[in-house]
1. Return the only residue of SER8, SER76 being among the hydroxyl-bearing types (Ser, Thr, Tyr) and within 25 Å of the chain's Cα centre (by Cα).
2. Check whether at least one residue in segment 25-38 is within 30 Å of GLU131 (Cβ to Cβ) and among the β-branched types (Val, Ile, Thr), and report yes or no.
3. Scan segment 50-71 for residues that are loosely packed, with under 13 Cβ neighbours inside 10 Å and among the aliphatic types (A, V, I, L, M) and jot them down.
4. If SER93 satisfies all but one of (1) closer than 21 Å to LEU132 by Cα; (2) polar (S, T, N, Q); (3) open to solvent by 40 Å² or more (accessible area, probe 1.4 Å), what's the number of the condition it fails?
5. Which of the residues belonging to segment 72-86 are buried (at least 18 other Cβ atoms within 10 Å of the Cβ) and not in a helix (DSSP H, G or I)?
6. Assigned to a loop (DSSP other than H, G, I, E, B) and at pLDDT 90 or above, is that true of GLY38?
7. Return the residue satisfying two criteria in turn: it lies in segment 108-125 and is under 8 Å from the mean Cα position of the chain (by Cα) and within 17 Å of GLN82 (Cβ to Cβ), and of such residues it is most open to solvent (accessible area, probe 1.4 Å).
8. What number goes with the only condition from (1) closer than 26 Å to ASP26 by Cβ; (2) open to solvent by 40 Å² or more (accessible area, probe 1.4 Å); (3) β-branched (Val, Ile, Thr) that THR104 does not pass?
Amino acid sequence: MVMKSLGSVCPVCGAKAIVRTSDPVDVEIGGRTYYVGGVERERCTQCEEEFFFAGQSDELRARAAQLAREEQGLLSPQEIRQLRHDLGLTQSSLEAVIGVGEKTVGRWERGLYPQNKPADTLMRLLWSHPELLQETGFIAREGRGPYKKRTE
């Protein structure tokens, strides 16, 4: 617990009680709490409000997501990107194939959010058995990207 008094006034409660700390921060992901340490920020010792610097929320989320992936044995962001490329899919087509929302795969690949276990399992199955991709209505064409099957 590193706390250094800055003598600044808290913009929330008005007390002259701002300190710099690097205590672990608890980040909730999927109903679980992960403790991320080593993030320096300011905190008011009077009202307990914390003040993060620009960009730290994404860093916290990414570090907590990494802990969640490790704990649950999920694919890494790099592995998701590789499987998508191996299957010849864009982010949006992988989203359609596995039934997740728009921009979800991008968040997984940037490491900001971990995928859930069913999505992870489905991606692993598709990676191991690319022939199953046809069952989803997509045909991957090497070097040209994915295409929806034509319905004639």
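1. Working: SER8 fails: within 25 Å of the chain's Cα centre (by Cα).
That would be SER76, the only listed residue that is among the hydroxyl-bearing types (Ser, Thr, Tyr) and within 25 Å of the chain's Cα centre (by Cα).
2. Start the filter on segment 25-38 by keeping residues that are within 30 Å of GLU131 (Cβ to Cβ), which leaves none.
For segment 25-38, residues within 30 Å of GLU131 (Cβ to Cβ) and among the β-branched types (Val, Ile, Thr): absent.
3. Matches in segment 50-71: ALA54 only.
4. Of (1) closer than 21 Å to LEU132 by Cα; (2) polar (S, T, N, Q); (3) open to solvent by 40 Å² or more (accessible area, probe 1.4 Å), only one is false for SER93: (3).
5. The answer is LEU74, LEU75.
6. no
7. We begin by selecting, within segment 108-125, every residue under 8 Å from the mean Cα position of the chain (by Cα); these are 108-115.
Then drop every residue that is not within 17 Å of GLN82 (Cβ to Cβ), which leaves 108-111, 114-115.
Numbers: TRP108: 14, GLU109: 11, ARG110: 152, GLY111: 6, PRO114: 25, GLN115: 4 Å².
My answer is ARG110.
8. (2)
The values are calculated or read from the model by the stated rules, or taken from the named source; none is laboratory data. It should be emphasised that the depicted structure is a prediction, and the values quoted were computed from it without experimental measurement. Positions of Cβ are generated from backbone atoms using ideal geometry, with glycine treated the same way; all protein chains shown enter the neighbour counts. Areas reflect the complete protein model, heavy atoms only, side chains present, ligands, DNA and RNA absent. Shrake-Rupley method; radii C 1.70, N 1.55, O 1.52, S 1.80 Å.
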